[in-house]
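A short write-up of the structure that comes next.
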Amino acid sequence: MSAVLFDHVTKRFGRIVAIEDVYLEVPEGKIVVLVGPNGAGKTTLLRLAAGILVPDSGRIFIYGYESTDIRAKRRIGLMTPMDRGVYWRITAMDNLVFFGTLYGLSLREARVRAKKLLEELGLGERINDWVATYSTGMMRRLEIARTLMHDPDVLLLDEPTSGIDIDAKHSILNFIKGLRGRKTVILASHDPQEIELADMVIYINRRILNEAPALKIVKVLVKGSVDGLSEFSVEGVGNDEYVIVTTIDRFNELMSKLAMYNGRVRVMDIDVEVAVAEGNARRVERVMRRREGWL
Ligand SMILES: Nc1ncnc2c1ncn2[C@@H]1O[C@H](COP(=O)(O)OP(=O)(O)OP(=O)(O)O)[C@@H](O)[C@H]1O
C-alpha cells in the first residue's frame, strides 16, 4: 500500500484550477520532492494530503484512510513556514509538551520525546528558553519538532529551509536525511539542496508533468556551464546556454545532478515530447515553457 495516494485529484479556488487530475502514489519511507514554478499547486497538494483542504473531485488516501479521516490525520504532520505554529511566550519544551499532550501523550512521554527531538535538531542547549528569544532558523527547527511530536508516519514540509541561515539549514537537511526509510516525506521546494534529498522528484505545474506514461523525451534548457554531465547529451546553443536531452525515466537523475551545481546552473525551460501511439507518429507537444528559472 502507498503511504499517500492522490487518486485523480482536482482542486479549484473559484475560477483558479490549482490542482488538476493529479494521480500520485508516494511509497512508504521515501523522500518525494515537489518542484515547479510559483503558484504551481505544491502547497495546495500538501494541504490536501493533510486533510485541511478537500478536493473538488478525486480522493486522497493516507495508508488507506481518506485524508479528512481522523485516522489519516494522526499519521500526518504538516509544517508550513507561513503558519506560526508555536507559542512565543513559553519555552520550547513547554510548547512541545503542550502539543504532545493534545495528541494524547502522557506528560512523561511528551517530555522524553520533546527532549529527543530538540536534541536531534540541534536545539538541545536551548530547550528551556522562551521561544521569543529564538532566531528564525531555531524557530523553524522547533516547528519541525512540533510536527513530529505525535510521531506521524508522513511528514509534509513546505520549503522547510527557506529564509534561514546556513547552519540551521544544514541541521534541518541532515535531520530530514535521517528520516529516510523511517518516515515518508513530501517536501515542496525551490531549493537545490532540498531537491538533492529526493528519492523521487515530481515536477508539477497544476498537473504532474513527469509521471504520465506517454511522456518520453525531455529537453532541458539551462544557463551556466554544465561540465561533468557526460552521461547526458548536452549541446551548447550559445550565450552560455545548453540543451540537455534525456529520457523521462532519467529526468529525476538529471534534476538531482543539476541541483548539485548549487545555483550556478539555472533551468530556463523544459520541453517534453509526447509519443503518440496511433500510427507510431511522434508529435512534439510543448507542455511547458518557462523563461524564469525555478531551481
Ligand atoms: N486559499 C486560496 N484561495 C484562493 N486561491 C488559492 C488559495 N490557495 C492557493 N490558491 C491559488 O492556487 C494556486 C496554487 O497555489 P499554491 O500555493 O498551491 O502554489 P505553490 O506551488 O505552493 O506556489 P509557491 O511556490 O509560490 O509556494 C495559485 O494560483 C494560488 O493563487
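Data table
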item: Fully extended contour minus Cα-Cα distance, from E231 to E125, at 0.36 nm per residue; result: 33.5 nm
item: For the stretch 128-135, Karplus couplings with θ = phi - 60° (6.51, -1.76, 1.60), whole Hz, Gly/Pro x; result: 9, 8, 4, 5, 4, 8, 7, 7
item: Relative contact order, percent, the stretch 222-275 [alpha-carbon distance under 8 Å, six or more residues apart]; result: 42 percent
item: Least to most buried among E28, E231 (fewest other Cβ within 10 Å first); result: E231, E28
item: Added length on full extension, which subtracts the Cα-Cα distance from 0.36 nm per residue, S162 to N262; result: 34.5 nm
item: Net length gained if the chain between T247 and K219 were fully extended (0.36 nm per residue, minus Cα distance); result: 9.2 nm
item: Relative exposure of R146, R266, judged by other C-beta atoms within 10 Å (fewest first); result: R266, R146
item: Cα-based shape type of the stretch 1-90, given that a ≥ b ≥ c are square roots of the gyration tensor eigenvalues and the cut on a/c is 1.5; result: oblate
item: Antiparallel %, DSSP beta bridges [both residues in the stretch 104-253], to 5; result: 70 percent
item: Percent of beta bridges antiparallel (DSSP, the chain, rounded to nearest 5); result: 70 percent
item: For W130, W88, order by how many other beta-carbon atoms lie within 10 Å, fewest first; result: W88, W130
item: Alpha-carbon radius of gyration plus Dmax, which is the widest Cα pair, for the chain in Å; result: 20.5, 69
item: Over the chain, relative contact order from alpha-carbon pairs under 8 Å, at least 6 apart, %; result: 19 percent
item: Cα-Cα over 30 Å, subset of K42/K115; K73/K257; K169/K223; K183/K219; K11/K116; result: K42/K115; K73/K257; K183/K219; K11/K116
item: Nonlocal amide H pairs with D56, under 5 Å, H built at 1.01 Å; result: T10, K11, R12
item: Cα centroid separation - the stretch 37-101 against the stretch 123-151, whole Å; result: 18 Å
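Taken together, the values in this text are just the output of simple stated rules run on the coordinates, not laboratory data. This structure is a prediction, so every number in the text was calculated from the model and none was measured. Using ideal geometry, Cβ is built from the backbone for each residue, glycine included, and neighbour counts are taken over all protein chains shown.
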